[in-house]
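Chemist: Quick one: the structure is below, questions incoming.
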Amino acid sequence: QRQLVESGGGLVQPGGSLRLSCVATGIAFSDLQMAWYRQVPGRERDLVATITSGGETWYVDSVKGRFAASRDNAKNTMYLQMNNLKPEDTAVYYCNLRFSELWGQGTQVTVSS
């Protein structure tokens, strides 16, 4: 069964950090491009970062220099290290098998003092 499971969200103060994880099962993870999206209520899901099978990354301008995507192919796991978090980063974060309809269940990130 193909599945993505996120974890690591929570409540953090502005300027703080969180690391999200996404564990994949049932897919050839090491061969595939993955992505992180985020969504706030009433808005579309927005692409935040992508990472190729070889580890090349892309980021939306609003998170460049603050977020870092990485992966451990031996563990079928992708990460999103989020530093210097801002209130506008508050959203539900989803991992996605790129160019597919395979999504995780989402993890809430709330940045608030």
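The values are calculated or read from the model by the stated rules, or taken from the named source; none is laboratory data. This one's a predicted model, so the numbers in the text were calculated from it and none came from an experiment. All Cβ positions, even for glycine, are placed from backbone atoms using ideal geometry, and neighbour counts span all protein chains on display. For accessibility, only protein heavy atoms count, side chains too; no ligands or nucleic acids. Shrake-Rupley method; radii C 1.70, N 1.55, O 1.52, S 1.80 Å.
Chemist: Which residue is nearest to residue 12 (Cα to Cα), if the candidates are limited to the range 61-113 and must be without any contact (Cβ under 8 Å) to a residue 60 or more places away in the chain and among the polar types (S, T, N, Q)?
Modeler: Selected residue: 90.
Chemist: Does residue 28 satisfy being at pLDDT below 95 and either of a type in the set (A, V, I, L, M) or within 10 Å of the chain's Cα centre (by Cα) (or both)?
Modeler: Against the criterion (at pLDDT below 95 and either of a type in the set (A, V, I, L, M) or within 10 Å of the chain's Cα centre (by Cα) (or both)), residue 28 qualifies.
Chemist: Can I ask one more? Residue pairs, Cβ under 6 Å, 6 or more apart or interchain, first in the range 25-40 and of a type in the set (Asp, Glu), second surrounded by fewer than 19 Cβ atoms within 10 Å (Cβ to Cβ). List them.
Modeler: Once the first residue is of a type in the set (Asp, Glu) and sits in the range 25-40, its partners that are surrounded by fewer than 19 Cβ atoms within 10 Å (Cβ to Cβ) give 31/53.
Chemist: Just one of 19, 45 is within 11 Å of the chain's Cα centre (by Cα) and open to solvent by 60 Å² or more (accessible area, probe 1.4 Å); which is it?
Modeler: After applying the criteria, what remains is 19.
Chemist: Filter the range 64-95 down to residues that are basic (Lys, Arg) and either buried (at least 22 other Cβ atoms within 10 Å of the Cβ) or more than 11 Å from residue 109 (Cα to Cα) (or both) and give me whichever is nearest to the chain's Cα centre (by Cα).
Modeler: Once the filter is applied, the top-ranked residue is 71.
Chemist: Scan the range 48-63 for residues that are open to solvent by less than 60 Å² (accessible area, probe 1.4 Å) and in a loop (DSSP other than H, G, I, E, B) and report the count.
Modeler: 4
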